[in-house]
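Below is one structure, written out as structure tokens, with a few remarks after it.
Read-outs: derived from the displayed coordinates by stated rules, not from any lab. Note that the structure is a prediction, hence the values are computed from the model and not measured. In this analysis, Cβ positions are derived from the backbone assuming ideal geometry, glycine residues included, and neighbour counts consider all displayed protein chains.
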Amino acid sequence: MQIRNSIIIVSIAVLSSCSYFVKEQEGIPIARVNDIYLYEEDLKAFIIEGASKEDSLLRVRNFINQWATQQLLISGAEVNLSEEKQQRFNALVEQYRKDLFTKAYLEGLVKQNIDTVVTRKEAEAVYQRNKETFKLNEELIKFRYININENNDDIKTVAERFKRFDKEDKEILDSISIQFKAYSLNDSIWIKANQVMTKIPVINAENKKELLKKSNFIQLKDSLGVYLMQINDVLYRNDVAPIEYVMPTIKQIVINKRKLEFIKQLEKDITKDAIKNKQFEIYN
């Protein structure tokens, strides 16, 4: 079974990493607090290659002092905290350790076994079932724009082609785009209206309403030149978001569902196998 093979592989990796938590205290001691020693090996991570001797020495001394302070505080806590509190903290530490191991183990298995490809058919099914949850909380628009110098001799022709925007117009505008200060001729994607306001400073709170009118042409001017804008489509707050706009969210929903189903099945299988192999028993 693929899941069981993956369990063996990831188990080996996790067990191998356990050596990090059970570090043998060997080598040349550098400092001591009571019966706890700091070794030369522990300082290697604080030596930066190429750093001056003075900088390295300062970093090491700071670390040693921080280490000593922490050990002394822990010793003081062990003496002064009640046995009940110490037991509770130790239980929390142990639970945290178990959670870390379990999370790493499951993440490894999920990564090996979960297909992250979401088909259009799957995405559309999720979208149709959850349309009410995909309501917009901000306006979206489809638009194109050009920012051109107001002294440009071809500005009138550019504006005519920009408004008409047939196949020939698109090709010509694209070919002369080097003349534009800024532009975007892709009017087939949904963009947040607030992003447009950030990108095009001539749009402000007062004229934003013009940006939210379908099939509206806007021409504005400021110190940076003339702005031509054509609004193709608009979606307002509380409208249902288009599937293209929420596709990343839908894909994550599908993948998360697969993960949950996989983990649920894994937990059943691992317990079932443990009972079968007499690794797990419940005594009456």
Quiz item: Quick one: Met247, Met229, fewest Cβ neighbours within 10 Å first, how do they rank?
Solution: Met247, Met229
Self-check item: Förster-model FRET efficiency, 51 Å R0, Lys278 and Thr119, C-beta, rounded to 0.05
Solution: 0.75
Exercise. Grab the Cα-Cα distance for Asn130 and Gln265, subtract it from 0.36 nm times how many residues apart they are, and report the gain in nm with one decimal.
Key: 46.1 nm
Self-check item: Positive-end residue of Gln252, Ser223, Gln95, charge dipole of the chain with Cβ unit charges
Solution: Gln252
Practice problem: Rank the residues Arg88, Arg120, Arg59 as a footprinting-exposure proxy: fewest other Cβ atoms within 10 Å of their Cβ go first. | Solution: Arg120, Arg88, Arg59
Quiz item: Looking at region 129-195, which GluC sites (Glu not before Pro) are DSSP coil and have at most 16 other C-beta atoms within 10 Å of their C-beta?
Solution: Glu138, Glu150
Quiz item: GluC sites (Glu not before Pro) within region 202-284: which are DSSP loop residues with at most 13 other Cβ atoms inside 10 Å?
Solution: Glu206, Glu281
Practice problem: Order by neighbour count: Val93, Val196, fewest other Cβ atoms within 10 Å first, most last. | Solution: Val93, Val196
Quiz item: Rounded to the nearest 0.05, what FRET efficiency is calculated for Val33 and Lys111 with R0 set to 35 Å and r the Cβ-Cβ distance?
Solution: 0.30
Quiz item: Rounded to the nearest 0.05, what FRET efficiency do Asn207 and Leu73 have when you use their Cβ-Cβ distance and R0 = 35 Å?
Solution: 0.05
Quiz item: Looking at region 182-284, which trypsin sites (Lys or Arg not before Pro) are DSSP coil and have at most 16 other C-beta atoms within 10 Å of their C-beta?
Solution: Lys213, Lys214, Arg237, Lys278
Quiz prompt | Charge sum, other residues only, whose C-beta stays under 12 Å from Ile263's C-beta, Lys/Arg counted +1 and Asp/Glu -1 | solution = +2
